[in-house]
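The next block holds one structure in the form of structure tokens; read it before the comments.
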Amino acid sequence: MKNIAQLETLYFKLRHGFVNGAVCAACVDWAVERLDLDEEGDDLEIILLVSARGLDEVLPLVEVIVERYPGSERLDDQLAAGKYIVELRHAYLQGKETIWTIDMKLTPLYTKLGYPNWLGMLSRNCEYATDVSAFEEPFELEFHYISTLWGNVASRAEFDQQYCAEISQGHDVIFG
């Protein structure tokens, strides 16, 4: 199935609560494109997804489709989270996101992913920056570092090879 990775990324957002009308609409658009290109192969869930509206209709269909096609090659949640962070940073730089809105997304993401080391400093600095201005610059440095890494890799293994905890730890506030 072509472009299943695109649907997997959207599925990650749906599963983890990063849902808005645009995410559901993008899932429907994905299904419409499959039909336009005659790639649905009589897959009933793809056909039904074309007319789905809202999370309650979209999520179960996307879940079935994603489970059916990639099988063992499913998109890693941490890779999907990293790519999502790249999107968040882009939106932040455009003024569409703020430290407060990003904090509302990073905090639950950090928990849902099981507290990965690479997300710790970013989540912490973002949370602290909502109350203490001294953490704004360290947050922005870490946000840049993490989003740049995830933006330049195609797998979690590549990220793990390039990520340096010491660099993240350097993005801290030293009170003295």
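The values are calculated or read from the model by the stated rules, or taken from the named source; none is laboratory data. If you're wondering where the values come from, they're calculated on a predicted model, not measured in any experiment. Only protein heavy atoms, including side chains, enter the accessible area calculation; ligands, DNA and RNA are left aside. Shrake-Rupley method; radii C 1.70, N 1.55, O 1.52, S 1.80 Å.
The table that follows gives values for the structure above.
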item	result
Coarse-grained scattering of the stretch 1-88 at q = 0.15, 0.20 Å⁻¹, given as base-10 log I(q)/I(0) from a Debye sum over alpha-carbon atoms	-0.50, -0.89
Choice from Gln94, Gln162, Gln78 with maximal GNM fluctuation in the chain (Cα, 10 Å cutoff)	Gln94
Average accessible surface area per residue within the chain, 1.4 Å rolling probe, Å²	53 Å²
Whole-angstrom Cα spans of the stretch 94-176 along principal axes, big to small	34, 31, 27
Degrees, to the nearest 10: 4-15 long Cα axis against longest axis of the chain	60 degrees
Rounded accessible area of Glu158 (nearest 10 Å², 1.4 Å probe)	70 Å²
Scaled radius of gyration (Cα, divided by 2.2 N^0.38 Å) that the stretch 85-140 gives	1.05
The chain, accessible surface, carbon-and-sulfur percent (1.4 angstrom probe)	52 percent
